[in-house]
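The values are calculated or read from the model by the stated rules, or taken from the named source; none is laboratory data. None of the values given here were measured: they were computed from a predicted structure. Virtual Cβ from ideal backbone geometry, glycine too; neighbours counted across all protein chains shown. Just so you know, the surface numbers come from the protein's heavy atoms only, side chains and all, with ligands and any DNA or RNA stripped out. Shrake-Rupley method; radii C 1.70, N 1.55, O 1.52, S 1.80 Å.
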2 protein chains.
Amino acid sequence: MPTAFVLDLQPGAHAARPQFPAQYAHGLFYHLLAAIDPGLSATIHAAKRVPFTLGVEVGRGALGLRVALLDDDLFQPLLRVVLHQSLDGLTLGQDRYRVARVLATPEGHPRAGRATWAEVHAAPPARGLHLRFLTPTVFATSRPDGRRSYTPLPEPRLVLGGLLSSLQAFSPLPYSTAEVEYLVPLLGDHCAVTRLQLRSDTYWAGRHPYTGFCGETEFRYADDLAEVRRLLGQLAALAPYCGVGTKTPYGMGQVDVLRTF
Amino acid sequence: MPTAFVLDLQPGAHAARPQFPAQYAHGLFYHLLAAIDPGLSATIHAAKRVPFTLGVEVGRGALGLRVALLDDDLFQPLLRVVLHQSLDGLTLGQDRYRVARVLATPEGHPRAGRATWAEVHAAPPARGLHLRFLTPTVFATSRPDGRRSYTPLPEPRLVLGGLLSSLQAFSPLPYSTAEVEYLVPLLGDHCAVTRLQLRSDTYWAGRHPYTGFCGETEFRYADDLAEVRRLLGQLAALAPYCGVGTKTPYGMGQVDVLRTF
């Protein structure tokens, strides 16, 4: 089931403010996976879509590392390894951090929690969603000549279509190919942006800077098909766990749902 | 040649703040056209693309009506009619306004001026343009089922492709069909948004509210073809006159070029 928890990390006495927090968090996560099982780390690293997203909040002194998982089998072993390794401290970049708390519920941290896949699929139907893009969000798209390009705009087909493709990749109850072929154009062409407030920002995901957008966008479905409203509700339930766009394993594309309607 | 002038309009003693300035300005403009020639007003009204955009700045007391023209034959007769009718005052909504000044140069008003078509076509090549969308901007697009939808996002294919289609519609030196077919995909797929700061806003264009975006966007051409850089320079030179998106004759989609590079 989609699960998100936040590690409250306290730096050691001489720790500096981390220079590349996203890259360090990414490295730490794969280190933890390798501690569960070296094969698992390699398998996930090689996967086309990885079943996690990371987010790093650098506060004064402390550091919040949010881990969102889409694979049911990862949560327990990962938590076990985190708690075990936390005895020596977790390494981020050059520094070691103590795991002060593991926050796994919305009471502990507003972006922690879990939803069963059944809950995602039974989410209340929605005609619209108002999303907040918490970290820079950008879509990797292919040009006709095959070269990669990046789109830092919340086009409905990219945002909503991207969420659907996460649902398809990880839900044990995916839509059929025929249903997807039917639904994708409806998300792209019949859902419109009806409100926005955006600014671009640069994010270092690993060794490269990416320009994405942060801010808010409201999407609204213009028609009345029950299937589309049901899907939009499901996508809203999933969005905080899977994020949107490229480089979500480095903390880009972190999304909150401000409201559905 | 593309021409823009600003009428500095002073209200009469009892004039209220105009309730629907865009609609009133639109009505006034067609009234002036009809005074030149009733046939001309009808012809332009029926045209698929009209050769003008309007902008209204409502200040305290005064009102600035910016008229941008893309048709060389309109400027002189329009100015003659404005000056003639200003003796009785120009009607906007329920109120009459005195034409205090006609500002036709950048020295008089930063958004007034003109460029010959030869100057537009000889504009310095550019690899990028940074545009400011002064008034809400939205694109009318067609859904596959033929119904109209509105896109309030500065997608390169919509912004740059729209400017090219204005150039094609009004320039006496348009590109050939083959050139356009070659250039359009390069604008859409090879020019990326590299910076943005946007917020949506609602604009009453006539009797209907439209949601568009205001703010700034930087577009950058990723490759190096001289034809594309030449075209981008031309589009930058034309943009302040033709605006972008739908309902420019009501004042939507007013654009300034902050810089080219």
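Counting other Cβ atoms within 10 Å of each Cβ, which trypsin sites (Lys or Arg not before Pro) in the stretch A:55-89 have at most 14 and sit in a DSSP loop?
Of the trypsin sites (Lys or Arg not before Pro), the ones in loops of the stretch A:55-89 whose Cβ has at most 14 other Cβ atoms within 10 Å are A:60.
Aspartates and glutamates within cross-link reach of residue B:247: Cα-Cα under 15 Å, excluding same-chain residues under 8 positions apart?
Output for residue B:247: B:201.
Out of A:139, A:92, A:32, whose Cα points farthest toward the positive end of the dipole of chain A (charges: +1 Lys, Arg; -1 Asp, Glu; placed on Cβ)?
Checked the options; the winner is A:92.
Working only with C-alpha atoms, what are the Rg and Dmax values of the stretch A:12-59, expressed in angstrom?
12.8, 39
Might you report the magnitude of the Cβ-based charge dipole of the protein assembly as shown about its Cα centre, with Lys and Arg at +1 and Asp and Glu at -1, to the nearest 20 debye?
880
Could you report the buried accessible area between B and A, both sides summed, computed with a 1.4 Å probe and given in Å² to the nearest 100?
Its buried surface, counting both partners, is about 1800 Å².
What is the Cα centroid distance between the stretch A:55-77 and the stretch B:190-226, reported in whole angstrom?
If we compute the Cα centre of each part, the gap is 35 Å.
Considering every residue in B:191-202, what mean count of other chain Cβ atoms within 10 Å of its Cβ is obtained?
Average neighbour count from other chains, rounded to a whole number: 6.
What are the distances, in nm and sorted shortest first, from the label point of residue B:122 to the label points of the same position in each other copy, with each label point placed 7 Å from Cα along the Cα-to-Cβ direction?
7.4
Below 8 Å, C-alpha to C-alpha, sequence gap of six or more: please give me the relative contact order for chain B in percent.
It rounds to 27 percent for chain B.
Have a look at A:176, B:79, A:18 and report the one farthest towards the positive end of the charge dipole of the protein assembly as shown, computed about the Cα centre with Cβ charges (Lys/Arg +1, Asp/Glu -1).
Farthest along the dipole direction, towards plus: A:18.
What is the ratio of the Cα radius of gyration of the stretch A:190-259 to 2.2 N^0.38 Å, with N the residue count, to two decimals?
1.27
Among A:215, A:243, A:12, determine the one that fluctuates most according to a GNM of chain A built with springs between C-alpha atoms less than 10 Å apart.
Taking springs between Cα atoms under 10 Å, the residue moving most is A:12.
Distances from residue B:49 to the same residue in each other copy, label points 7 Å out along Cα→Cβ, in nm, shortest first?
4.1
Run the numbers on the stretch B:122-170: which residues show a drop of 40 Å² or more in accessible area, chain on its own versus all protein chains together, using a 1.4 Å probe over heavy atoms?
B:143, B:152, B:153, B:155
What is the diffusion coefficient of the stretch A:1-141 in µm²/s, taking the Kirkwood radius over Cα pairs and the Stokes-Einstein relation at 20 °C with a viscosity of 1.002 mPa s?
Approximately 131 µm²/s, per Stokes-Einstein.
Take the stretch B:80-176, drop everything but the C-alpha atoms, weight them equally and run the Debye formula without solvent; then report log10 I(q)/I(0) at 0.21, 0.22, 0.25 Å⁻¹ to two decimals.
Scattering profile of the stretch B:80-176, log10 relative to I(0): -1.17, -1.19, -1.30.
Which whole number of Å³ per residue matches the convex hull of the alpha-carbon atoms in chain A?
133
Relative to 2.2 N^0.38 Å, what does the C-alpha radius of gyration of the protein assembly as shown come to as a ratio? Two decimals please.
Computed over Cα atoms of the protein assembly as shown, the ratio equals 1.15.
Each residue of the stretch B:134-145 in turn: what ³J(HN,Hα) in whole Hz from Karplus with 6.51, -1.76, 1.60 and θ = phi - 60°, glycine and Pro shown as x?
My calculation for the stretch B:134-145 gives 6, 10, x, 10, 8, 10, 8, 10, 9, 7, x, 7 Hz in order.
Within chain B, which DSSP H helices have Cα atoms that stretch 20 Å or more along the helix axis and a mean Kyte-Doolittle hydropathy of at least -1.0?
B:21-36, B:156-170, B:226-242
Dipole magnitude of the stretch B:168-261 about its Cα centre, charges +1 at Lys/Arg Cβ and -1 at Asp/Glu Cβ only, in debye to the nearest 20?
Roughly 380 debye, rounded to the nearest 20.
What are the nm distances, shortest first, from residue B:207 to its equivalents in the other copies, labels at 7 Å along Cα→Cβ?
Ordered by increasing distance: 6.3 nm.
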